[in-house]
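Here's the structure we're looking at; comments come further down.
The values are calculated or read from the model by the stated rules, or taken from the named source; none is laboratory data. All values reported here derive from a predicted model rather than from experimental measurement. FYI the Cβ positions are ideal-geometry reconstructions off the backbone, even for glycines, and counts take in every protein chain you see. Ligands, DNA and RNA are stripped out before the accessible areas are found, and what is left, the full protein with its side chains, is counted by its heavy atoms. Shrake-Rupley method; radii C 1.70, N 1.55, O 1.52, S 1.80 Å.
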Amino acid sequence: MNKQTLFVIIVAMLMLGGCRSSKVNITGRIVGSDAKQVYLEKVTPLKQTIIDSAILDAAGSYRFRLKEGGRTPSLYNLVYNGERIPLLLSGGDRIEVSSVGNLARNYTVKGSHESELLRTFYQAFVIGAQNLDAFSSRFADNSLSEEQRRKLVKEYTSEYYRIRREQLRFIIENKASLAAVYALYQRLPGDTYLFNGDSDVVYFRTVADALRESYPDSPYLPALQAEIARMDARINLKSQISESGFPDLNISDIYGKNIRLSSLAGKVVLVDFWSAQLGNSNALNAELKEIYRKYTDAAVPFEVYQVAIDTSKPLWITTVQEQQLPWISVCDLRGQASPALGLYNVRKLPANFLIDKNGDIVAKNLYGKSLDDKLKELTR
C-alpha cells in the first residue's frame, strides 16, 4: 500500500468519525398490557419532563427518534403503564428496549453499554424493593402469630441488607460509569441515606474521581461534586456548631484575608448569600446599604457578613467595588459547590440569616421593612 492510498484511507476514517450522528433512535416491542401508548421522559436534577410519545402498533412495537443527543450519556425514562425504565442515552445511539409482562422486571436493552449496565442494577434493585413490599404486606396480617412475625422481620432484615450490599458492590465495581451515579441516588423505602449518613461521601467521592477520567465533560460530574461539598459541610457542621451556636464560616475577602464569622461574636450579624451574576444584586444591595447605615451607631453593633456564590473573582471584586459595599464581603469562588450553601441549607439565592448577639439564628430571609423592624428589636 503506497503512502497516498494510506493517507486517503486515514482521511476517510477521520471524516466518518467526525460525522457520527447526534440523533438517537429507540425502538422495541412491549407486550403484556392493554396500554397502547409509551412515553419518553427526560430527567434532569430539577425535574422530569415528558418529551415524546408513541403509539404501540398491533404487535406492540414502537419507535422514538431524538434529533439531538448529548456528547455524553444523559438520563431518560421509558414510561409505560405507570412504570419506568431508566436509560442513559447519547448522540448516535441506536438502541432496542423490549419487555414482556412486568415492564421493569423483564425488560432487555441492546445497543447502549451504559443502559445495559444500568439494567443489571435497576432490575435487581426493583425486584428487591418489591420483595420488601411483599414482606411488609404480609406483616400487616393481624392473624399472624408472634413467631411468624419474628420470622418475617428476620427475612425482611436479611433481604434489606442483601439489597444494600449489592447496591454498594455495583457502585464500587462500576465506579467509572454513569450507571453508578444513578445507583448512588436510589433509596429503599424509608431510607434517607445510601449507607450510613456521613460515610456516604466515600462512595460519592469514589464515583466522582473515576468520572473525571471516563466522562470529564458529563453534566452529572459538577452536580456530584456539589453534593460532595454539601456532605463535607454537614460533616464539618457538628464540630463548628458546638463552638459558636451557629454554622461557622471562614472565607476570604477581596484582599485574600480569611474572615471567620465567629469573630463577630457579640454583634447582631446578617449572613447574606448573594451572587454578583444575579441581575437584581444592585437593587438588593442598595436597599441593604440604607439599613446598614441606619444601624451604624446602634447600641448593639450590627454587621453584615455577605457571602458571594460566584466562580469569577474579577466579576465579584469589580461588583463589590462598583457598588461600594461597606460590609464584610467574602467568596470561596466555588459557586454552587460552596460548602457554605450546605452548612446553611441554602437552595436558592438570595438568602439571609439573622444572628443575634447571643449567637442564635433568630430569623431568615428578611428584607426591607421586615429586616428593619427586626433590627430595631435586636440592636437596642
A58 vs. criteria at pLDDT 80 or above, surrounded by fewer than 10 Cβ atoms within 10 Å (Cβ to Cβ) and at negative phi
yes
Scanning the range 245-273 for residues that are in a strand (DSSP E or B) and polar (S, T, N, Q), which turns out nearest to the chain's Cα centre (by Cα)?
N250
With respect to D141, is the statement that it is free of Cβ contacts under 8 Å to residues at least 60 places away in the same chain and either buried (at least 16 other Cβ atoms within 10 Å of the Cβ) or within 28 Å of D200 (Cβ to Cβ) (or both) true?
no
Inside the range 142-178, can you point out the residues that are over 24 Å from L118 (Cα atoms) and among the aliphatic types (A, V, I, L, M)?
L144, L152, V153
Restricting to the range 94-138, name every residue that is touching a residue at least 40 places away in the same chain (Cβ under 8 Å), open to solvent by 20 Å² or more (accessible area, probe 1.4 Å), more than 28 Å from E155 (Cβ to Cβ) and not small (G, A, S).
R94, E96, V100, L117
Scanning the range 324-343 for residues that are open to solvent by 40 Å² or more (accessible area, probe 1.4 Å), on the phi < 0 side of the Ramachandran plot and over 29 Å from the mean Cα position of the chain (by Cα) gives P326
If a residue must be among the hydrophobic types (A, V, I, L, M, F, W, C) and in contact with a Pro (Cβ under 8 Å, 6 or more places away or on another chain), how many such residues does the range 44-77 contain?
1
Residue pairs, Cβ under 8 Å, 6 or more apart or interchain, first in the range 57-71 and touching a residue at least 12 places away in the same chain (Cβ under 8 Å), second acidic (D, E). List them.
F64/D52; L66/D52; G69/D93; R71/D217
When both residues are 6+ apart or on different chains and their Cβ atoms are under 9 Å apart, which pairs have a first residue that lies in the range 214-235 and is farther than 18 Å from A176 by Cβ and of a type in the set (A, V, I, L, M), and a second that is in a helix (DSSP H, G or I) and open to solvent by 50 Å² or more (accessible area, probe 1.4 Å)?
A226/Q336; A229/Q336; M231/D198; M231/R205; I235/D198
The one condition Y80 fails out of (1) closer than 17 Å to Y182 by Cα; (2) out of contact with any Gly (no Cβ under 7 Å at 6 or more places or on another chain); (3) crowded, with 21+ Cβ neighbours inside 10 Å is (1)
Need pairs with beta-carbon distance below 6 Å; first residue over 24 Å from V269 (Cβ atoms) and within the range 313-328, second surrounded by 14 or more Cβ atoms within 10 Å (Cβ to Cβ) and among the aliphatic types (A, V, I, L, M); sequence gap 6+ or separate chains.
K313/L333; L315/A276
Taking into account only those residues within the range 280-323 that are of a type in the set (S, T, N, Q) and not in a helix (DSSP H, G or I), which is least open to solvent (accessible area, probe 1.4 Å)?
Q306
Given the options R212, R234, R230, name the one that is in contact with a Gly (Cβ under 8 Å, 6 or more places away or on another chain), modelled with pLDDT of 80 or more and either open to solvent by 50 Å² or more (accessible area, probe 1.4 Å) or of a type in the set (D, E) (or both).
R230
I'd like the residue in the range 17-31 that is open to solvent by 60 Å² or more (accessible area, probe 1.4 Å) and over 11 Å from G92 (Cβ atoms) and, out of all such residues, is modelled with the lowest pLDDT.
G18
D360 passes all but one of the listed conditions (1) buried (at least 20 other Cβ atoms within 10 Å of the Cβ); (2) touching a Gly at 6+ places or on another chain (Cβ under 9 Å); the exception is number (1)
For the condition in a helix (DSSP H, G or I), touching a Leu at 6+ places or on another chain (Cβ under 9 Å) and open to solvent by less than 70 Å² (accessible area, probe 1.4 Å), what is the one hit in L224, L188?
L224
Top-ranked residue of the range 60-77 - restricted to ones that are over 21 Å from the mean Cα position of the chain (by Cα) and outside any loop (DSSP other than H, G, I, E, B), ranked as nearest to R29 (Cα to Cα)
S61
Among the residues of the range 363-380, write down those that are part of a helix (DSSP H, G or I), open to solvent by 20 Å² or more (accessible area, probe 1.4 Å) and either in contact with a helix residue (DSSP H, G or I) (Cβ under 9 Å, 6 or more places away or on another chain) or farther than 21 Å from D248 by Cβ (or both).
K369, S370, D372, D373, K374, K376, E377
Quick one: V346 ticks every box in (1) at pLDDT 95 or above; (2) assigned to a loop (DSSP other than H, G, I, E, B) except a single one, so which number is it?
(1)
